[in-house]
Amino acid sequence: MNSNKKKVVIIGSGFSSLSASCYLAKKGFDVSLFEKNDTVGGRARQLTKDGFTFDIGPSWYWMPDIFDRFFADFGKKTSDYYQLDKLSPAYKIFFDDDIITIGDSMDKICEEFERIEKGSSIHLKKFIAKAQRNYDIAINEIVYRPGLSPLELVTKDTVIRVDQFFKTISQEVRKKFKNPKLISTLEFPVLFLGAKPNKTPAFYSFMNFADFGLGTWHPKGGMYQIIIAMKSLAQELGVAIHTDSAVNKILVKDGKATGISVNSEKINADMVLSGADYHHTETLLDKEYRQYSEKYWQRKTFAPSSLLFFIGFDKKLDNILHHNLFFDTDFGEHATEIYDKPKWPSRPLFYANFPSVTDNSMAPANKETGFFLIPIAPGLEDTPELRDQYFDIILKRFQERTGQSVENNIIFKKSFCVNDFKEQYNSYKGNAYGMANTLSQTAFMRPGLKSKKINNLFFTGQLTVPGPGVPPSLISGKLVSELMEK
Ligand SMILES: Cc1cc2nc3c(=O)[nH]c(=O)nc-3n(C[C@H](O)[C@H](O)[C@H](O)COP(=O)(O)OP(=O)(O)OC[C@H]3O[C@@H](n4cnc5c(N)ncnc54)[C@H](O)[C@@H]3O)c2cc1C
């Protein structure tokens with residue numbers, strides 16, 4: 001290794017850390033990355049068992065253009081690393097008295113909207129056209145900015161749309177759509193941003209364009225293929241990756257970070273970057289160097305935590321797609337129990353993912369890989385009894401809605417919840433996907449990419465800029481690398 005190179009150490013190996021490591025190595029830094037777990041990938045790790053393959057975290061591949069941009073920055077294509085297939089149909093939503101299927105084109109989606117509400121496709125086309133303009137503005141003018149100043153949000157395009165930052169997506173949707181099922185369908189995409197639709201600015205309708213306009217994709221072999229791709233790219237660029245390496249201290253001398261302590265060994269560095277949860281990273285510093293108080297974190301709106309089940313079924317299941325949403329209970333009630341009066345949900349909505357429906361490599365022949373997710377408030381009590389109780393609730397509903405019995409076909413079952421998020425990722429209150437994107441938690445109002453107290457300490461990932469999700473994490477890594485280069 002060239003000893004003249006500036007040395008950067010990175011804490012964590014989630015999407016944001018891996019992204020930053022690639023950009024920093026390309027810029028000529030000597031980069032080493034330290035991950036506490038035994039594999040890289042963070043919340044996007046993979047579980048394999050008896051021929052079943054489960055993505056532990058993300059499963060929706062949205063905004064393929066952001067992945068293309070990432071790899072293109074290194075002269076690569078996603079197809080150099082993994083095979084990407086567009087899902088057709090994209091997903092279906094089970095309601096108590098109907099099922100909405102979202103096709104892989106606007107024409108098919110319009111047909112489905114018409115079936116539910118006559119005339120709604122005209123409104124839908126207008127809504128998506130506006131969402132597409134917002135997407136172009138978001139991608140080209142907003143999200144690739146480092147969140148250093150409010151002025152970053154002020155462009156000629158945002159100024160004429162300023163009302164969309166103060167109206168919510170709920171208001172926008174309800175203006176033109178009256179059918180509750182269509183309303184839920186259109187409010188679903190912003191749930192990825194971590195807050196309630198009635199707290200999320202209307203401008204974020206760009207997520208609806210990501211959904212209906214750009215489509216839902218699947219990397220063959222699962223989302224972990226992207227992690228494998230990024231790890232291999234990082235290594236090609238010279239990044240040294242250390243797993244089983246928990247960082248227990250960020251070392252600071254005279255107001256400058258001098259390195260990290262890993263398994264009690266001291267590693268020197270010119271700059272330190274953390275992609276671990278922001279709150280946890282600050283606990284690795286002496287109090288005087290922390291930027292945000294416990295009160296600050298308590299006041300913030302966090303994205304939900306989740307109760308997850310990874311299930312191996314000994315047969316192929318009926319009436320399901322790769323992605324399935326079970327919105328057969330009251331969306332508002334569940335949201336209140338996540339955000340306003342945190343408690344275990346009375347009648348939870350849930351999501352079920354069966355990647356083996358479209359990808360044979362995810363399960364043994366004639367078997368099905370199932371992943372179930374119930375969003376819950378972060379910080380809830382988590383016990384084996386509660387997990388079992390909720391498994392029974394959703395399995396029963398799953399069987400009723402899909403019209404089949406599966407409870408005697410389970411050959412493998414593993415759960416994951418608040419305590420695992422805390423223990424495995426040092427996640428604040430066991431949040432699953434970081435800090436929500438509300439109006440007051442957007443861009444420069446989020447915890448910063450650069451420490452205000454230590455000049456050579458930086459942050460990346462879903463608690464900072466631009467926000468939760470895989471595409472934002474890729475962007476976060478790029479943004480922080482640019483600040484560090486400066
Ligand atoms: C269940 C679930 C479903 C999701 N679904 C989707 C989806 O469908 N689509 C989508 O786009 N996004 C989805 N997301 C969000 C997406 O997965 C995350 O936004 C993204 O993976 C976050 O990456 P990150 O780099 O910010 O953090 P992380 O992936 O959390 O990486 C942080 C890393 O730091 C490590 N670490 C922590 N403390 C230390 C320490 N002291 N020393 C060393 N290492 C440490 C952790 O082990 C971890 O590996 C989902 C998330 C979850 C949990």
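Values in this text are rule-based calculations from the coordinates and carry no lab data. Worth saying up front: this structure is predicted, and the values here are computed from it rather than measured. All Cβ positions, glycine included, derive from the backbone under ideal geometry; neighbour counts span all protein chains shown.
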The correct pair for the range 296-447, radius of gyration to one decimal and Dmax as a whole number, both in Å and from Cα atoms, is 16.7, 51
Euclidean distance between Cα centres, the range 143-210 to the range 420-470, Å
20
Say R0 is 45 Å: what FRET efficiency, to the nearest 0.05, do residue 246 and residue 408 get from their beta-carbon distance?
0.65
Gyration tensor (Cα only) of the range 194-325 to equivalent ellipsoid, semi-axes in Å sorted down, yields 37, 24, 17
Whole-Å semi-axes of the range 155-258's equivalent ellipsoid, largest first, each the root of 5 times a Cα gyration tensor eigenvalue?
39, 23, 14
With -39,500 (n - 2.57) per DSSP H segment of 4 or more residues and division by the full residue count of the chain, the 222 nm estimate, nearest 500 deg cm²/dmol, is -9000 deg cm²/dmol
Say each of residue 385 and residue 214 gets a label point 7 Å from the Cα, pointing the same way as Cα to Cβ; how far apart are those two points in nm?
4.5
Using the alpha-carbon centroid of each, what span in Å lies between the range 21-55 and the range 268-326?
15
Among all the aspartates and glutamates, which ones have a C-alpha under 13 Å from residue 231's C-alpha, if same-chain residues fewer than 8 places away are not counted?
35
Looking only at aspartates and glutamates whose Cα falls under 15 Å of residue 156's and that sit 8 or more positions away or on another chain, we get 136, 141
Across 10 Å bins from the origin, how do the percents of Cα pairs in the range 267-327 run, short distances first?
13, 31, 17, 19, 16, 5
Placing +1 at every Lys and Arg Cβ and -1 at every Asp and Glu Cβ, with all other atoms neutral, what dipole size does the chain have around its Cα centre, in debye to the nearest 20?
1400
How compact is the range 180-241 by the rule of thumb for globular proteins, expressed as Cα Rg over 2.2 N^0.38 Å?
1.60
In cubic angstrom per residue, the convex hull of the range 416-456 built on its Cα atoms measures 99
Cross-link partners of residue 341 among aspartates and glutamates (Cα-Cα below 18 Å; sequence separation of 8 or more within a chain):
330, 333, 381, 382
At 10 °C and 1.306 mPa s, what whole-number value in µm²/s does Stokes-Einstein give for the translational diffusion of the range 272-372, with Rh from the Kirkwood sum over Cα pairs?
92
Gyration tensor over alpha-carbon atoms, the range 21-88, equivalent ellipsoid semi-axes in Å
24, 21, 10
Work out the FRET efficiency for residue 175 and residue 116 from their Cβ-Cβ distance, taking R0 = 22 Å, and round it to the nearest 0.05.
0.80
Any idea what angle helix 15-26 forms with the longest principal axis of the chain, computed on alpha-carbon atoms, 0 to 90 degrees, nearest 10?
40
Taking only the Cα positions of the range 425-484, the convex hull volume per residue in Å³ is 97
Taking N as the number of residues in the chain, what value does Rg over Cα atoms divided by 2.2 N^0.38 Å take?
0.95
Answer with one residue from 363, 374, 142: the one whose Cα lies farthest towards the positive end of the charge dipole of the chain, charges on Cβ with Lys, Arg +1 and Asp, Glu -1.
142
Percent antiparallel among DSSP beta bridges (both partners in the chain, rounded to 5):
70
Taking amide H atoms as placed 1.01 Å from N in the peptide plane, list the residues 5 or more away in sequence, or in a different chain, whose amide H sits under 5 Å from that of residue 307.
374, 376
Which ³J(HN,Hα) values, rounded to whole Hz and listed in residue order, are derived for the range 475-486 from phi using the Karplus coefficients 6.51, -1.76 and 1.60 in 6.51 cos²θ - 1.76 cosθ + 1.60 with θ = phi - 60°, glycine and proline given as x?
5, 4, x, 5, 4, 5, 5, 5, 5, 5, 5, 5
Relative contact order (percent) for the chain, with alpha-carbon contacts under 8 angstrom and 6 or more residues of separation?
24
Whole-number Å³ per residue for the convex hull built on Cα positions in the range 344-384
114
